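This report concerns only the one structure given below.
The values are calculated or read from the model by the stated rules, or taken from the named source; none is laboratory data. What you see is a predicted model; the values in this text were computed from it and never measured. A quick note on method: Cβ atoms are made from the backbone with ideal geometry, for glycine too, and the neighbour counts reach across all protein chains shown.
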Amino acid sequence: MLHPVVERITQQIEERSKRRRSAYLTTSLQAAEQGVNRAHGCSNLAHVMAAQPDEQRLIMRQGGAAHMAIISSYNDMLSAHAPLKNYPDQLKETLYRYGASAQFAAGVPAMCDGITQGTPGMQLSLFSRDLIAQAAAIGLSHGVFDGALYLGVCDKIVPGLLIGALHFGHLPAVFVPAGPMSSGLSNPEKAAVRERYAAGLVGSKELLEAELAAYHEPGTCTFYGTSNSNQMLMEAMGLHVPGTAFVSPVSDLRHALTDEAARLLVNNTRQGGRFLPLAVQIDAKALVNGAVALLASGGSTNHTLHLPAIARAAGYELRWEDMAGLSQVVPLLAQIYPNGSADVNQFHAAGGVAWLLRELLENGLLHNDVYTVAGQGMDAYTRAPHLNKQTLEWREVPRESLAEDILRPYAAPFVKHSGLHLLAGNLGRAVVKTSAVKEEFWSIKAPARIFDRQDDVLAAYAAGQLTGDLVLVLRFQGPSANGMPELHKLIPLLANLQNNGQRVALVTDGRLSGASGKILAVLHVTPEAAKGGVLSRLQEGDLIEIDARQDLLHVHVAAEQLALRSDAQVPNDAPLGYGLPLFAAQRRWVGPADQGASFLLED
């Protein structure tokens, strides 16, 4: 039976979203009923077919078979997306075998937070999500497609593709990933080298050698940050071929799964065996399933931004309170770095997504009455794919975990609370992920050290100025101020301070993703400093109290005194050469973090 809290929160989402969801679904179904009219005019159709081979032209002219769009984030600078290079040709060939045709409709931008970390380019990262949604919409705007395949993996790309796809919710959709690179230098070893570098114990040469040993070939990075959390999300929401998330990009099994994505899309079109528009497939139950799987696996805090934005695109209002409420009853069943020492390949070998989803489903934490690209219900996602003499099949995963230091059953979890907390107090609202933080560090009361720029923190650390217990406040990192960059450069130095016996925490209106690690990090503080949040009125030495057990975020300054203080101003020193002025409108119109930090907000 479904857990009563999961049922209650799903009902609350549905109830508060009735008007918006009804309007969205009505519009999408009306568009679906209109169908695809490729005969807008002979000139229009000729332009569509001009570059197509004769056999594809024949399918399109006859009009009785499905014609698909391929939207891809391929580029060969990003290791996670490099394997996607040949997917369009493979998908077209497979679709042709099933009597369908396809065109590469659009390439969407794909940037890497790892490459832009600590640079001005990171200020464009979050905004790229909504831009990707718009780029996907442009590719689909020609109005000639019966379904779409979305090729993408990393941080903002998959949420952006899904938001764009939901605005074409009358079309069936299948998401197609590439898989992780093989394991290199372990994530704990990599983190240790970063901490030694921050402490000045090793130089750039040693750091680069460690990083190259960790990131060493095509495929997704192997730690459980936003990229791999995306893949968990797509599985739990039924948008992948079952078992696709963490299969190697260079394996025969990956090739077969990509073929299967094409077959399933054909089946889900109006010309196939079951018509499944994306607008129907993604409902409140699918959204809750995604949230539950992310929580149980210790997924990225970035999804406290992405899931509300995705939900809004589907006509729902998903709140931080919903995710925090689920977190109270969803246990942490997986430990993948940074929540543990294992990488995603080891997680996959231990039973992986199928094992985790089966455990959640059998214990009433997932909705089973949902539509997926593979059929009705989540059962298909509790089995693992394999090749039997080149035939793709699925088999049951072992009942027992193959590695209880990586995966544990519902009856004996790592922790009963998944680790996502919603903090509130006179500083605003914020999220904390405690799954990688030792419980002794879940609370702190210490003086604030106030910074408005990440580089200033690094300089203060290098100068030995971050002494004693402290709460490091880095403000003006919210979406309106500078696009809400991730702040991973701070983690090694804060970890060093904590290792040396100081009690430390971070409070910011910026982001850290899934790699915040062992430091108590209070993220996405809302209202942000640039919008008049109390962060802008903090002063050096103010006593800040954080308590993840009590969900408290408080500055011990009287309200009357705070009201008399002037707001600090957003630093006006935008770097040159990164195209930042092109995104001035996004910074002006972006919504708050607790509504998804989107500039695509609409009623």
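Some observations on this one:
- Among the conditions (1) surrounded by fewer than 20 Cβ atoms within 10 Å (Cβ to Cβ); (2) of a type in the set (Ser, Thr, Tyr); (3) in contact with a strand residue (DSSP E or B) (Cβ under 6 Å, 6 or more places away or on another chain), residue 526 misses just one, which is (1).
- The residue pairs whose first member lies in segment 94-108 and is assigned to a strand (DSSP E or B), whose second member is of a type in the set (D, E, K, R) and modelled with pLDDT of 95 or more, and whose beta carbons are closer than 8 Å, counting only pairs six or more residues apart or on different chains, are 101/92; 102/92.
- For segment 560-575, the count of residues that are of a type outside the set (Val, Ile, Thr), outside the structural domain of residue 324 (by TED's automatic domain parsing) and in contact with a Leu (Cβ under 7 Å, 6 or more places away or on another chain) is nonzero.
- Residue, surrounded by the most Cβ atoms within 10 Å (Cβ to Cβ), within segment 337-353, restricted to residues that are in contact with a Leu (Cβ under 9 Å, 6 or more places away or on another chain) and within 30 Å of residue 278 (Cβ to Cβ): 347
- In segment 413-431, the condition of being touching a Lys or Arg at 6+ places or on another chain (Cβ under 6 Å), assigned to a strand (DSSP E or B) and more than 29 Å from residue 308 (Cβ to Cβ) is met by no residue.
- Checking each residue in segment 544-581 for being of a type in the set (A, V, I, L, M), in a helix (DSSP H, G or I) and surrounded by 11 or more Cβ atoms within 10 Å (Cβ to Cβ) picks out 562, 580.
- Test for residue 65: is it touching a Phe, Trp or Tyr at 6+ places or on another chain (Cβ under 9 Å), modelled with pLDDT under 95 and part of a loop (DSSP other than H, G, I, E, B): yes
- Residues satisfying the stated conditions in segment 369-391, i.e. surrounded by fewer than 18 Cβ atoms within 10 Å (Cβ to Cβ), assigned to a loop (DSSP other than H, G, I, E, B) and in contact (Cβ under 8 Å) with a residue 12 or more places away in the chain: 369, 390
- Looking across segment 565-603 at every residue that is out of contact with any Pro (no Cβ under 8 Å at 6 or more places or on another chain) and acidic (Asp, Glu), the one that is modelled with the lowest pLDDT is identified as 603.
- Some residue of segment 117-137 being assigned by TED's automatic domain parsing to the domain that holds residue 158 and modelled with pLDDT under 85: yes
- Count of residues meeting criterion [closer than 30 Å to residue 183 by Cα and in a helix (DSSP H, G or I)] in segment 68-93: 10
- Of all the residues in segment 519-532, those that are in a loop (DSSP other than H, G, I, E, B) and within 26 Å of the chain's Cα centre (by Cα) number 3.
- Matching residues in segment 430-459 - criterion: being in contact with a helix residue (DSSP H, G or I) (Cβ under 6 Å, 6 or more places away or on another chain) and touching a residue at least 60 places away in the same chain (Cβ under 8 Å): 431
- Summed over segment 464-485, residues that are part of a loop (DSSP other than H, G, I, E, B) and either touching a residue at least 40 places away in the same chain (Cβ under 8 Å) or crowded, with 24+ Cβ neighbours inside 10 Å (or both) total 7.
- Screening segment 261-271 for residues that are surrounded by fewer than 21 Cβ atoms within 10 Å (Cβ to Cβ) and either touching a helix residue (DSSP H, G or I) at 6+ places or on another chain (Cβ under 9 Å) or not assigned by TED's automatic domain parsing to the domain that holds residue 178 (or both) and picking the one that is farthest from residue 168 (Cα to Cα) gives 263.
- Long-range neighbours under 9 Å by Cβ, at least six apart or interchain, first residue outside the structural domain of residue 326 (by TED's automatic domain parsing) and β-branched (Val, Ile, Thr) within segment 410-423, second crowded, with 16+ Cβ neighbours inside 10 Å and assigned to a loop (DSSP other than H, G, I, E, B): 415/331; 415/434; 415/435
- Reported count of residues in segment 280-316, each being part of a loop (DSSP other than H, G, I, E, B), more than 23 Å from residue 362 (Cβ to Cβ) and more than 12 Å from the chain's Cα centre (by Cα), is 4.
- Meets criteria (in a loop (DSSP other than H, G, I, E, B), surrounded by fewer than 23 Cβ atoms within 10 Å (Cβ to Cβ) and either of a type outside the set (A, V, I, L, M, F, W, C) or in contact (Cβ under 8 Å) with a residue 24 or more places away in the chain (or both)) for residue 216: yes
- Residue 198 vs. criteria more than 30 Å from residue 150 (Cβ to Cβ) and either touching a strand residue (DSSP E or B) at 6+ places or on another chain (Cβ under 7 Å) or buried (at least 21 other Cβ atoms within 10 Å of the Cβ) (or both): yes
- Condition check for residue 361 on (1) farther than 15 Å from residue 293 by Cα; (2) within 23 Å of the chain's Cα centre (by Cα): one failure, at (1).
- Residue satisfying all of: in segment 424-440; of a type in the set (A, V, I, L, M) and more than 19 Å from residue 292 (Cα to Cα); farthest from the chain's Cα centre (by Cα) among these: 427
- Residue match in segment 4-22 (condition: in the same structural domain as residue 227 (by TED's automatic domain parsing), at pLDDT below 95, within 29 Å of residue 158 (Cβ to Cβ) and of a type in the set (S, T, N, Q)): no
- All positions within segment 582-598 that are assigned to a loop (DSSP other than H, G, I, E, B) and more than 22 Å from residue 21 (Cβ to Cβ): 590
- A single member of 239, 233, 264, 276 is in a helix (DSSP H, G or I) and touching a strand residue (DSSP E or B) at 6+ places or on another chain (Cβ under 9 Å), and it is 264.
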